[in-house]
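Encoded as structure tokens, the structure appears first; notes follow it.
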Amino acid sequence: MCRNIRTLFNFEPPATQEEVRAASLQFVRKLSGYNKPSRANEAAFDHAVEAVGRVAQELLAALTTDAAPRDRELEAAKARARVAKRFGLEAG
């Protein structure tokens, strides 16, 4: 799994269109091996990003859970703490 793709389901507030697009872009980059496609591949690359984004939005809308929504700030704080522990940095 690409480390830059984050879980988008069951957060309060819900994932934004920009977050879904960013995850879609990372997914297509990973699959294609391109960070930025050549002009010859640009249309196919952009089409794939849009298609993956549409499907991702459909998936997020269809998923259900009984779990309480996760708090974005709390999850970000946990991630910062993991990074600090991993790299021996002060949490801040």
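General observations
- The label-point distance for THR16 and ALA51, in a model that sets each label 7 Å from Cα toward Cβ, rounds to 2.8 nm.
- Among the GluC sites (Glu not before Pro) found in the chain, those both in a DSSP coil and sparsely packed, with 14 or fewer other Cβ atoms within 10 Å of their Cβ, are GLU90.
- Cβ crowding within 10 Å, taken as a proxy for footprinting-reagent exposure, orders ARG82, ARG6 from fewest neighbours to most as ARG82, ARG6.
- For the chain, modelled as a GNM whose springs connect Cα atoms under 10 angstrom apart, the maximal fluctuation among ARG39, ARG29, ARG54 occurs at ARG39.
- Length gained when the stretch ARG6-LYS85 is fully extended (0.36 nm per residue, less Cα-Cα span): 26.4 nm
- Dipole magnitude for the range 11-66: computed about the Cα centre from +1 point charges on Lys and Arg Cβ and -1 point charges on Asp and Glu Cβ, it is near 400 debye.
- The alpha carbon radius of gyration of the chain, expressed as a multiple of 2.2 N^0.38 Å, is 1.31.
- Mean ellipticity per residue at 222 nm, deg cm²/dmol - from DSSP H runs of n ≥ 4 across the chain, formula -39500 (n - 2.57): -20500 deg cm²/dmol
Readers should treat all values here as calculations from the given coordinates under stated rules, not as data from a laboratory. None of the values given here were measured: they were computed from a predicted structure. Cβ atoms come from the backbone with ideal geometry, glycine included; neighbour counts cover every protein chain shown.
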